[in-house]
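A short worksheet on the structure shown next.
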Amino acid sequence: MKELFLFVRPPRPLWPFNGPSSAFWPPLAFASLAAALRERVRDLRVEILDAPALEMGWRTLESEIRRRQPTYVGIGEEAVSCVEGLRLAALAKAGGARVIAGGCFFGHVAPESLRTDLIDVVVHGEGEVTIVELVEALRGGDRPALRQVAGISFADGEEVVTTEPRQLIADLDTLPLPAYDLLPVERYGARSRNHPHLAAIELGRGCVGSCDFCVLWRQMGRFAGDRLVPHLRTKSPERLLEEIRWLVRHHCRRYLGWVDPCFNADPEVPGQLSELLLRDGLCLGQSAWVRTDGLVRDAASGALGSCVRAGLNELYLGIERPDGGSLASLHKTSGVADARAAMRILTTQFPQVLVIGSFIYGLPGDTPATIRAIHRLACELQLDQFFCIPLTALPGTTDWRPELWDPTGRRFRRFNFLPSAGLPGRTAALERALLWSILFNWHPARLRAWFRHLLAGDARKRRVSWRLIGRGAQFHLRRLVGSLFANGDDCGLIFPAWYES
Ligand code: B12
């Protein structure tokens, strides 16, 4: 029997602002890595087990792993699911598998993760070339071979060995199509009205920005000497058209969730792709994270118009702060004026597009007045919705410190981009101020924005707005009840009934 490489996404709680029908996207990293392994390592079986998409809990997962007997288990988590990642690693090890971890979390806590003795090798950064070389080296069976594989860390006795950095793939068009056939594709967005038959897709990798709080430009960054710098790569419009045609025709996908840190970082490719889609008669709903300065640029060139005509209907804008000073302190290079200009364009020329703004609070020196200024700006901009995210010291970002590591993973539950549930701490007063402002601060700009959005002509936009408001209200109510009657240990995430099943 051929050896099995099994990628596993373990059971996990839901983020409270996502509905159950679109809380889990196809794990594109696993699909992309699996495709590379399948193409390059011929005598290996490759499978993906996406437990949340299958509503599979821990008991079933355990018996599945016992039944499949993988030689290698691949894991990769957000910080918030470190607990689940380590629990899975323990299961896999107990079954005799070698555990390989990668992605935007484990790649930035390699020595700490390896010291748990639950993980054999950590892959840093982009994974497709590394995983192939790594499996070949592991099959060879000798430790010196591992030292020749770029972009990994592993333990050799007491020593943690980190090999030389992996060079980025020069041409993303050379990547094989992601192994969607290994996923329970029909499950993604199956019951979703707003993101029906969802696909995850990447236009490119990396970013042009290097914001302090973000791990994504680092994950796909380029080494200049020993310094990591942001680096943007895109696929060609023709390759992207081929990928979308295949998602639509082979896998019946009808909504595209662009996973790029910044979909419009490149001034050409999104517009060119949209022209190709329109020429092909393909119009699919799409969501994307975009830069506000890029949006203004693309409105002027006509690229934004093409993207919207081709189906782009949900935009996420990282506006972050209400003032230039704190944006500069975070090394964020698009500013409040860009956000205002972008919103003027969107509200007047593209009113059908749902726009969600994201802000960060909890910087040194933030006061309740800062939070009120953020709320005021969100209303003035006429965003359809906004999220306020506490500044989070994600591994790999400027604020991360190794002493924040917790080998049980439990501390990372708080890396959930949610308010801190009234726990005492620096952000508690800011969160109270935000809630107070949301409940009682009904200035005219806000009232106008509410009426405009909630009575919006576009049915999808109205539906999503109401859903988010409903989920927000439920979240705060649950938190309030929890703080009155429970021990304050509620992490704010929702554990589905099947979690342990
Ligand atoms: C889609 C997505 C979601 C979806 C679906 C999540 C899901 N669980 O199904 C939604 C919107 C629901 C979501 C929610 C959340 N998300 Co999210 N999400 C993403 C997003 C946009 C795309 C992930 C992706 O497919 N990337 C494309 C692949 C190809 O790139 P990649 O993952 O980097 O993989 C490459 C390498 O890293 C490496 N690699 C990755 N994994 C592995 C594993 C192995 C074994 C190996 C060898 C290599 C390897 O190889 C890959 C190919 O080169 C990322 C941002 C991003 N662009 O990555 C954020 C991101 C992963 N999310 C993030 C966060 C914080 C969350 C939330 C906690 C809060 C939120 N809403 O944003 C919740 C938690 C949800 C939950 N309970 O699971 C953070 C995680 C940061 C961190 N270090 O923890 C990210 C990075 C965004 C960010 N702001 O920084 N998310």
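Determine the calculated [θ] at 222 nm for the chain from helices alone, applying -39500 (n - 2.57) to every DSSP H run no shorter than 4 residues and normalising by the residue count; nearest 500 deg cm²/dmol. Before the final figure, lay out each step's value.
Values: 19 runs with 197 residues, N = 501.
Taking each H run of at least 4 residues, the total per residue is -11500 deg cm²/dmol.
Per 0.36 nm of contour for each residue apart, how much would the distance between Arg193 and Glu62 grow if the chain were fully extended, relative to their Cα-Cα spacing?
Once the chain is fully extended between Arg193 and Glu62, it gains 43.9 nm.
Could you list which residues have their amide H under 5 Å from that of Ile389, counting only those 5 or more apart in sequence or on another chain, with H placed in the peptide plane? Residues meeting the criterion, in which the H sits 1.01 Å from N, are Phe359, Ile360, Tyr361. Ordering Leu330, Gly285, Leu146 by Cα displacement along the dipole of the chain toward the positive end leaves Gly285 in first place; charges were set at the Cβ atoms of Lys, Arg (+1) and Asp, Glu (-1).
Taking R0 as 60 Å, what's the FRET efficiency between Gln474 and Gln148 from their Cβ-Cβ distance, rounded to 0.05? Can you show the working numbers first?
Values: r = 53 Å, r/R0 = 0.88.
It comes to 0.70.
Near Arg9, the amide H atoms lying under 5 Å from its own belong to Leu49, Asp50, Ala51; only residues 5 or more places off or on other chains count, and H is placed 1.01 Å from N. Close amide H contacts of Glu3 (hydrogens built in the peptide plane, cut-off under 5 Å, sequence separation of 5 or more or a different chain): Arg45. When peptides 300-309, 31-40 are sorted by average Cβ neighbour count within 10 Å, with the highest value leading, the order is 31-40, 300-309. Distance between the 7 Å Cα→Cβ label points at Glu55 and Phe495: 1.9 nm. The length gained on full extension between Thr174 and Arg463, counted as 0.36 nm times the residue separation minus their Cα-Cα distance, comes to 100.1 nm. Within the P(r) computed for region 390-483, what percentage of the Cα pairs occupies the region above 23 Å? So the pairs more than 23 Å apart make up 45 percent of the total in region 390-483. Give me the angle, in degrees from 0 to 90, between the Cα long axis of helix 368-380 and the longest principal axis of the Cα atoms of the chain, rounded to the nearest 10. Tilt relative to the chain: about 80 degrees.
Eigenvalues of the alpha-carbon gyration tensor of the chain, scaled by 5 and square-rooted, set the equivalent ellipsoid semi-axes at 36, 27, 23 angstrom, largest first.
Could you give the length gained on full extension between Asn18 and Ser301, defined as 0.36 nm per residue of separation minus the Cα-Cα distance, in nm? All intermediate terms of the calculation are to be shown ahead of the outcome.
Values: separation 283, 0.36 × 283 = 101.88 nm, distance 3.38 nm.
Additional length available on full extension: 98.5 nm.
With the simple model of a label 7 Å out from the Cα in the direction of the Cβ, Arg411 to Trp246 spans 4.2 nm. Between Thr398 and Arg426, the modelled labels are 1.3 nm apart [label points 7 Å from Cα along Cα→Cβ]. For Lys461, the aspartates and glutamates whose Cα comes closer than 14 Å to its Cα, not counting residues fewer than 8 places off in the same chain, are Glu314, Asp384.
Classify region 212-356 from the C-alpha gyration tensor, please: rounded if a/c falls under 1.5, else prolate or oblate depending on whether a/b exceeds b/c.
Numbers: a/c = 2.18, a/b = 1.30, b/c = 1.67.
Verdict is oblate for region 212-356.
Excluding same-chain neighbours fewer than eight residues apart, the aspartates and glutamates reachable from Lys93 by a Cα-Cα span under 17 Å are Glu3, Glu62, Glu64, Glu84, Asp117, Asp120. The overall shape of region 325-462 is prolate: from the C-alpha gyration tensor, with semi-axes ordered a ≥ b ≥ c, the ratio a/c is 1.5 or greater and a/b exceeds b/c. Using the Cβ-Cβ distance between Ala373 and Phe451 with R0 = 30 Å, the FRET efficiency computed as 1/(1 + (r/R0)^6) comes to roughly 0.85.
Indicate the gyration tensor shape class of region 1-132 (rounded, prolate or oblate), computed on the Cα atoms with a ≥ b ≥ c the square roots of the eigenvalues: a/c under 1.5 is rounded; otherwise a/b larger than b/c is prolate and the rest oblate.
Values: a/c = 1.29, a/b = 1.21, b/c = 1.07.
Taking the square roots of the gyration eigenvalues as a ≥ b ≥ c, region 1-132 is rounded.
Bear in mind that the values in this text are calculations on the coordinates, not laboratory data. Owing to the predicted nature of the structure, the values given are computational and were not obtained by experimental measurement. So basically every Cβ, Gly included, is an ideal-geometry build from the backbone, and we count neighbours across all protein chains shown.
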